[in-house]
């Protein structure tokens with residue numbers, strides 16, 4: 001078992017679909033720390049450090065980024081990042097509200113905030129293992145990384 005495969009009680013996949021550099025950035029320090037704990041070999045960057053690296057032409061093989069931070073980048077940089085083998089966008093904005101040109105491609109996934117442990121586990125698995133080749137070929141929009149079940153609305157029965 002990989003040494004980081006059970007941190008904070010989440011069993012992580014051992015198969016390493018992404019074998020190169022993994023960068024994690026988010027406006028929220030707690031989210032950066034959480035992903036840094038779950039992905040031991042990831043480089044955790046504050047938003048300014050990410051922009052500095054991108055400005056000099058550096059690119060990771062996989063990137064976890066805050067949705068607002070991603071939208072603040074230039075269109076050219078966003079296109080570059082969408083071409084990465086794995087781009088995980090963590091956002092509180094509903095997938096349907098994001099511009100379609102920002103959430104296209106088989107290497108892009110969305111993790112909705114706030115997220116639960118099951119969603120986080122799914123996101124890390126997707127980041128590490130990706131999708132099966134048959135699933136990703138020609139994918140028109142991002143993968144929505146979510147395992148939690150939609151909440152069901154309980155109807156109150158009238159008291160008799």
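The values are calculated or read from the model by the stated rules, or taken from the named source; none is laboratory data. From a predicted model like this one, the values you see are computed outputs, not experimental measurements. All Cβ positions, even for glycine, are placed from backbone atoms using ideal geometry, and neighbour counts span all protein chains on display.
Determine whether region 102-109 contains at least one residue that is at pLDDT 90 or above and in a helix (DSSP H, G or I).
Looking through region 102-109, none of the residues is at pLDDT 90 or above and in a helix (DSSP H, G or I).
Only residues that are under 14 Å from the mean Cα position of the chain (by Cα), farther than 15 Å from residue 21 by Cα and surrounded by fewer than 17 Cβ atoms within 10 Å (Cβ to Cβ): list them for region 34-86, please.
Residue satisfying the conditions is 68 alone.
So if I check each of 128, 160, which one is closer than 19 Å to residue 63 by Cα, modelled with pLDDT under 85 and out of contact with any helix residue (DSSP H, G or I) (no Cβ under 8 Å at 6 or more places or on another chain)?
It is 128.
With the requirement that a residue be in a helix (DSSP H, G or I) and touching a residue at least 60 places away in the same chain (Cβ under 8 Å), what does region 36-78 give you?
Correct list: 38 only.
Hey, can you tell me all the residues within region 79-97 that are in contact with a strand residue (DSSP E or B) (Cβ under 7 Å, 6 or more places away or on another chain) and part of a helix (DSSP H, G or I)?
If the condition is that a residue be in contact with a strand residue (DSSP E or B) (Cβ under 7 Å, 6 or more places away or on another chain) and part of a helix (DSSP H, G or I), then 81, 82, 95 are the ones that fit.
Under 6 Å between Cβ atoms, which residue pairs at least 6 apart in sequence (or on different chains) link something in region 111-131 that is closer than 16 Å to residue 37 by Cα with a partner that is assigned to a strand (DSSP E or B)?
What qualifies is 123/88; 123/111; 127/62; 127/86; 127/88.
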